[in-house]
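Before any comments, here is the structure.
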């Protein structure tokens, strides 16, 4: 069924980036994956690609930001009977017996058609019920798309229509580097990685410093780094790596808060004005947040803290959506600390961060299945 089909990509709703910018990002992504493009068609609400490998193309698009939905679709004529026939044909293969379905038609404002899209929806739904009734499928039409077990979608473009065979929700956000601006981040725990991903989702280019305490910590944090690396449009990635040397970090919340303070102090030392901080008002005490912001203001840093007001449930959801399901249990509990404790924590973190800064390593690795071993071997 995938033969003679196309890839239909819907940019994020409300995205003010021009289609040409999004196509540039997508074409670079395809080039990294050795996917060749035969043709690109611009519709008002989507972009249609004819490529040599639809499955790999769809998989690679699901890893980048700036996309609302991506689908493998059958390209058909803008003719009523042709549309209905193909929706029914594809629906018979997709809808499981005893399940419900809903036919959703998206129509381009410039579509050249002599029929109403709701008529296609009505007739296709009826024909699909009639055809499957012969085989005792016992399927039914859902009242709306949210209640349906299977959503059968079709986009009517200006000169052609596209009946979806397979579709996925995209990551949303802005395309990679659409802001043309870099931002410094540390990755030292799941929440810091989620903050880095949030900045990437906003169209920023992350400059990453990977921090670790021991070999196991290095391996865990390198895996977190991979979630970011897979979403950038690069073949190789350059990062900084720093070793935090003090006691057992996992024993107490005091040591965990000190790790956070060390990472923040290190960002203050590094060149670059834009910094991403994994601060959260439900995790960190207000005193810690207040002192952190004051310190960054003194060194003229522009603070980006995308998780600041998310509650714990939303942070956990952010980690799971980002692919950190196995790391959710390691996400932070609340760190309670008074003003005096925060001050003492930062005094110690200042000294530790200077030592890390003096011994930072810059490494480069190829983004791929062996990147974790490459990082560990290089360090």
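Rule-based calculations on the coordinates, nothing more; no lab input. Bear in mind that the values here come from a model prediction, so they are computed numbers and not experimental data. Glycine also receives a Cβ, built like all others from the backbone with ideal geometry; neighbour counts cover every protein chain displayed.
The figures follow:
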{"quantity": "Over the chain: helical MRE at 222 nm, DSSP H runs n ≥ 4 each giving -39500 (n - 2.57), nearest 500", "calculated": "-12500 deg cm²/dmol"}
{"quantity": "Relative contact order, percent, the range 9-93 [alpha-carbon distance under 8 Å, six or more residues apart]", "calculated": "33 percent"}
{"quantity": "Nitroxide proxy distance, nm - points 7 Å out along Cα→Cβ at residue 19 and residue 141", "calculated": "3.2 nm"}
{"quantity": "Cα→Cβ-extended label distance, 7 Å offset, between residue 339 and residue 149, nm", "calculated": "6.2 nm"}
{"quantity": "Efficiency of FRET from Cβ geometry, residue 376 and residue 236, R₀ 22 Å, rounded to 0.05", "calculated": "0.85"}
{"quantity": "Principal axis dimensions, the range 182-378 - Cα atoms, whole angstrom, descending", "calculated": "45, 37, 34"}
{"quantity": "Residues residue 53 and residue 158, FRET efficiency given R0 of 30 Å [Cβ-Cβ distance, rounded to 0.05]", "calculated": "0.70"}
{"quantity": "Packing-based exposure ordering (other Cβ within 10 Å, fewest first) of 117, 178", "calculated": "117, 178"}
{"quantity": "Mean separation of Cα contacts under 8 Å, 6 or more apart, over the residue count of the chain: relative contact order %", "calculated": "16 percent"}
{"quantity": "Extension gain from residue 37 to residue 4, taking 0.36 nm per residue of separation minus the Cα-Cα distance", "calculated": "10.5 nm"}
{"quantity": "Calculated Rg and Dmax of the Cα atoms in Å (choose from [x] 21.7, 65; [y] 24.9, 77; [z] 20.8, 67), label", "calculated": "[y]"}
{"quantity": "Angle in degrees between helix 312-321 and the longest Cα principal axis of the chain, rounded to the nearest 10", "calculated": "60 degrees"}
{"quantity": "Sequence ranges 132-142, 156-166, 336-346, ranked by mean other-Cβ count within 10 angstrom, highest first", "calculated": "156-166, 336-346, 132-142"}
{"quantity": "Residues 213, 373, sorted so that the one with the fewest Cβ neighbours within 10 Å comes first", "calculated": "373, 213"}
{"quantity": "Nearest-ten-degree value, helix 117-133 long axis tilted from longest Cα axis of the chain", "calculated": "80 degrees"}
{"quantity": "Calculated FRET value between residue 362 and residue 287, using beta carbons and R₀ = 41 Å, to 0.05", "calculated": "0.75"}
{"quantity": "Antiparallel DSSP beta bridges within the range 182-378, as percent of all bridges there, nearest 5", "calculated": "30 percent"}
{"quantity": "Separation of the residue 92 and residue 27 label points, Cα + 7 Å toward Cβ, nm", "calculated": "4.1 nm"}
{"quantity": "Rounded to 10°, Cα long-axis angle of helix 253-269 versus longest principal axis of the chain", "calculated": "90 degrees"}
{"quantity": "The range 5-172 - percent relative contact order, Cα under 8 Å, separation 6 or more", "calculated": "30 percent"}
{"quantity": "Added length on full extension, which subtracts the Cα-Cα distance from 0.36 nm per residue, residue 255 to residue 354", "calculated": "33.9 nm"}
